[in-house]
Amino acid sequence: MLSNAVERVHDCNPVDNPAFRLVLEELLARGHAKLKISRETRHQIDHTFAVAREYFAKPFPEKSAFALPRYVEGYREIGLEYSQVKERPDLTESFSLWNRNRAHADAAGWTQSCPIHQELRRTIDDLSTYVAGLFQTMADKWAPGTVGPKFQRASYIQVNYYEPAQHSRDMLQDGHEDGHLITLVTSNAPGLEAEIDGKYQPVDIGPDEFLIMPGSLLTLMTGGAIPPLFHQVKNSRRQDPRYSMMFFVNPEGNQVLEPWIRNETNKDADVIAEANALPLKFGLPTLEDGTEGRGR
């Protein structure tokens, strides 16, 4: 576990930040890493979770009023997303915010009327600083003189809401990898398990930490040096709701993105094409279709 990763990252130079180099070393050595966040970021996360509790406690008609399904924005009820198999949907409600959809949400009046959306805007901007620093560190290591990949418009943040005691299934989410470059995740309760050394094990995320979970796109970018982290959410049967927050980071499609490490595993790979298609595995439209408001 990292004990001194990324402290007060906003005050650091992301181009040459020793803390990010430690995180990258941890990713290479273990296939996952803990990202230490600042007190200011922790306060923002706590406030976002508090607003989320109020939101998910509302009746369904009030929650579903804040949904733009064409753009995969806002509220989604149980059954609309799955980990790999459509017949086993994730047993969670969720609320998501894409940077690309800010104008659509503004047009829908959410800026003033939807507190959870307002808080997620602040949170995604905060977390993006960490991601930019980490990606630049990766670029410096494997492609010196280049800039880290653009990711803002193609990435999104999501809060999941679980009621463990209401379900009989052992798994609230089946095992999967997210298919992104990375996912940053934190939660208020146990349940997250990661596949480590061939076995699913509980993951303890401290109050001042996010877990960095590599996805298959990062595996593609690194020629297999960093494998995807498979994970699941086990049903704790707890009476209290479980909240988790994920920042799903994808590359923007308006760039030429070559793998940092090119070898036999990815010699013919098109990173942007792979990124565009991967959401289909989870019952979501492609990144391109989501931008245009196409899909289910």
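The values are calculated or read from the model by the stated rules, or taken from the named source; none is laboratory data. Remember, it's a predicted structure, so these values are computed and weren't measured experimentally. So basically every Cβ, Gly included, is an ideal-geometry build from the backbone, and we count neighbours across all protein chains shown. SASA here: full protein model, heavy atoms, side chains in, ligands and nucleic acids out. Shrake-Rupley method; radii C 1.70, N 1.55, O 1.52, S 1.80 Å.
Selection of the stretch 222-272 for residues being open to solvent by 90 Å² or more (accessible area, probe 1.4 Å) and either more than 30 Å from Ser94 (Cα to Cα) or under 20 Å from the mean Cα position of the chain (by Cα) (or both) yields Lys234, Val256, Glu258, Arg262, Glu264, Thr265, Lys267, Asp268. The set of residues from the stretch 40-94 being aliphatic (A, V, I, L, M) and touching a residue at least 40 places away in the same chain (Cβ under 8 Å) comprises Ile45, Val51, Ala52, Leu68, Val72, Leu80, Val85, Leu91.
On the given criteria, is Asn276 crowded, with 17+ Cβ neighbours inside 10 Å, free of Cβ contacts under 8 Å to residues at least 40 places away in the same chain and not β-branched (Val, Ile, Thr)? Taking the combined requirement at face value, the residue satisfies it.
Whether any residue in the stretch 208-217 is buried (at least 17 other Cβ atoms within 10 Å of the Cβ) and out of contact with any strand residue (DSSP E or B) (no Cβ under 8 Å at 6 or more places or on another chain) is what I want to check. Yes. Of the residues examined, Ala165 is not one that is modelled with pLDDT under 95 and either part of a loop (DSSP other than H, G, I, E, B) or under 16 Å from Glu81 (Cα atoms) (or both). Here is the figure for the stretch 149-164: residues that are farther than 13 Å from Leu184 by Cα and crowded, with 19+ Cβ neighbours inside 10 Å total 7.
Looking across Gln255, Gln201, one residue alone is at pLDDT 90 or above, assigned to a loop (DSSP other than H, G, I, E, B) and either touching a strand residue (DSSP E or B) at 6+ places or on another chain (Cβ under 7 Å) or within 24 Å of Thr129 (Cα to Cα) (or both). It is Gln255.
Test Leu218 against the stated conditions and say whether it is among the aliphatic types (A, V, I, L, M) and without any contact (Cβ under 8 Å) to a residue 40 or more places away in the chain. When the stated conditions are applied, Leu218 passes them. Consider the stretch 83-140 and keep the residues that are within 19 Å of Gly215 (Cβ to Cβ) and surrounded by fewer than 16 Cβ atoms within 10 Å (Cβ to Cβ). The one that is modelled with the lowest pLDDT is Gln84. Taking (1) surrounded by fewer than 21 Cβ atoms within 10 Å (Cβ to Cβ); (2) outside any helix (DSSP H, G or I); (3) touching a helix residue (DSSP H, G or I) at 6+ places or on another chain (Cβ under 9 Å) in turn, Ile78 satisfies each apart from (3).
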